[in-house]
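For reference, the structure is listed below as structure tokens.
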Amino acid sequence: MNSPSPYLSYRIGNNEQRFYFDQRDTVRIGRGDPASGLLMDLTLPHSIPGVGRHHATIRRQGTEWVLVDGSKDGPSKNGTYLDGARIVAPAPLCDGSQLLLGTFPIEFCQPRPSSSGESGSLKQVVDTPALDEIAPEISISMADLTVSRPAASGGSSIWRVNFDSDSSLRSGSNQTTRSLSLFSDLGKALQISQEVDEFLENIVTTLLLHVRAESVSVVGWIPERNEFPALTSRNDNLQAERRGVSRTLLNKAIKRGEAMLVIDPGADPNLGISSSIADVTSVIVAPLWQDQQIRGALYVDTKKGIQAFGQHELEIVSGIALFTAVGIDLFEQRKRLAREEKQRQRLTPFLGKEVVDRIVNGQEASMAMVVAPANVTVLFSDLRGFTTMSQHLSPKAVVDLLNGVFELLTQAVFQHHGTLDKFIGDGMMAFFGAPQRLDNHPLLAVQAGLQMLSAMAEFNRSRAPDQEIGIRIGINTGDVVAGDIGSAERKDYTVIGDTVNIASRLESGVAKPGQLVIGPDTYEAVKHAFDCEPLGLTPLKGRDPIETYRVLGPRT
């Protein structure tokens, strides 16, 4: 009695193929790399996503066959799965074991001994399997589908599928295995994809591996122009190929809002099918729904000479379309979250958390980081006595002390919706009114300045008189240019203009330690809220004298 050779069963496009082990004790599986001398026993097409050069090995171990992930150089990038579970150690195989390499399913078959064996190093099964063997009626757990077939229109038959919670799909032979294989492949297509384009390519490949089709395309839909831009397309050999699609059928499926199967579309004069797809036997068009809107469609067809699609394929494509739409939405959310995180990281050094959250969440439509005129209030502060003190401290002690002080000052800025521009040695610059537009920015800036004075007074209470740190503050209101300013390599959000220069001069040339001095425009905006001491016309370095005022505190 001959011992039949184990074999691997898989599909490339419309063709079921078998690889017989014959006398081999080891079978290496992957894409290979002939240019570098890396040859596989079973070489898979390079167009199959997720399959490595040497992805896995099956070897004889005593009387058993075991599956091993990767090669001597390490595990495969996208993993090897056995019956739905990723393997991390050699795993025993048995007849009917389901393998998944990347997104590519393979079945391990080990026939029982018989009087005659069938063998061959690589055999292509040329007999076309029955439709139920290729696309059985499966139970799609993500949603129930109902399929209806209206009266034939012209020479064609139109089937369509929609969702109905009161119905369920019928069961067929090998239902569980094939259903798990399909949804395992779909899950892997989503898992291994880094971008939405790669995900769509993997979806198309998965569909071609599970549905006997000539080609599969994913198209978008621009309703304003009724255009269907091609997103990706592959033929039954899993090669990228731009295929013609019927706008008539796409429009009909989108108008109905449900998946549609058309058999022999060229025979129906009412459809007005173009000659480019006249040789098509059957077409399935399944809309892609996102947020209650159709964003595109799956377009699957067969040509003459290949058995036409039926109800089973319609159900499968409909389920895959639903999964595809969900996947696209996940990638769009991932992209949006990445964009928000990048924006958050950029804004956090300048703005308080509350303001950052409002910008990122789109609650402040007026906020913009582009260069534009703005009316703001600018605040400069500087520490007095710190430089002398730091000469007697270790570098770490200096840094710790300065960080502690800046933490107090920064809190005052953020709590009053200000923007932290920069630290300048032991000084600081902040402004109020950009990028968040604030009608009361002069008031908020003065309140922040008074909080800084109060915080430093409290800070000094626990220090010896010769270790106290003073602070002086200058504030000015006026027009500036705000936005991202700098070189191509480095830009910072800041404000520039004479308003900034005056605020700096008020701090460095007018204010004394423990004082907050403001310019005339700021005074006019806050005099109703604060007691101020006029300092008269004050000369400023490099410009004409201006009226200045010392803020004493809130009006009582």
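The values are calculated or read from the model by the stated rules, or taken from the named source; none is laboratory data. What you are looking at is a predicted structure, and each value in this text was computed from that prediction instead of being measured. As a convention, Cβ positions derive from the backbone with ideal geometry for all residues, glycine included, and neighbour counts pool all protein chains shown.
Numerical summary
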item: Where a residue in region 73-92 is among the charged types (D, E, K, R) and its partner, wherever it lies, is buried (at least 19 other Cβ atoms within 10 Å of the Cβ), with Cβ under 6 Å and at least six apart; result: LYS77/GLY52; ARG86/GLY79
item: Answer residue from region 380-408, given it is touching a strand residue (DSSP E or B) at 6+ places or on another chain (Cβ under 8 Å) and in contact (Cβ under 8 Å) with a residue 60 or more places away in the chain and is farthest from ARG472 (Cα to Cα) among those; result: VAL405
item: Residue match in region 215-228 (condition: more than 20 Å from ALA325 (Cβ to Cβ), in contact (Cβ under 8 Å) with a residue 60 or more places away in the chain and of a type in the set (D, E, K, R)); result: no
item: Region 20-44: number of residues that are of a type in the set (Lys, Arg) and either in contact with a Pro (Cβ under 9 Å, 6 or more places away or on another chain) or under 14 Å from LEU99 (Cβ atoms) (or both); result: 2
item: Test: residue in region 528-546 that is in contact (Cβ under 8 Å) with a residue 40 or more places away in the chain, farther than 19 Å from PHE432 by Cα and surrounded by 13 or more Cβ atoms within 10 Å (Cβ to Cβ); result: yes
item: Every residue from region 67-97 that is at positive phi and surrounded by 14 or more Cβ atoms within 10 Å (Cβ to Cβ); result: GLY70, GLY79, ASP83
item: Residue check, SER116 assigned to a loop (DSSP other than H, G, I, E, B), surrounded by fewer than 17 Cβ atoms within 10 Å (Cβ to Cβ), modelled with pLDDT under 85 and not assigned by TED's automatic domain parsing to the domain that holds SER233; result: yes
item: Residue tally, condition within 20 Å of MET452 (Cα to Cα) and not charged (D, E, K, R), over region 365-388; result: 10
item: Of the criteria (1) at pLDDT 95 or above; (2) touching a strand residue (DSSP E or B) at 6+ places or on another chain (Cβ under 7 Å), which one ILE469 fails; result: (1)
item: Elements of type helices (runs of 4 or more DSSP H) contained in region 315-418, each with 3 or more residues being at pLDDT below 80 and of a type in the set (D, E, K, R); result: 353-360
item: Residue that is modelled with the highest pLDDT [pool: residues in region 1-44 that are within 16 Å of ASP185 (Cβ to Cβ) and in a loop (DSSP other than H, G, I, E, B)]; result: LEU44
item: Qualifying strands (runs of 3 or more DSSP E) (wholly inside region 455-552; at least 2 residues being touching an Asp or Glu at 6+ places or on another chain (Cβ under 7 Å) and either outside the structural domain of THR377 (by TED's automatic domain parsing) or under 22 Å from GLY418 (Cα atoms) (or both)); result: 470-486, 491-496
item: Verdict on ARG178 being in contact with an Asp or Glu (Cβ under 8 Å, 6 or more places away or on another chain), modelled with pLDDT under 85, farther than 24 Å from ILE294 by Cβ and basic (Lys, Arg); result: no
item: Meets criteria (over 27 Å from ASN501 (Cβ atoms) and either crowded, with 17+ Cβ neighbours inside 10 Å or not assigned by TED's automatic domain parsing to the domain that holds VAL526 (or both)) for LEU401; result: yes
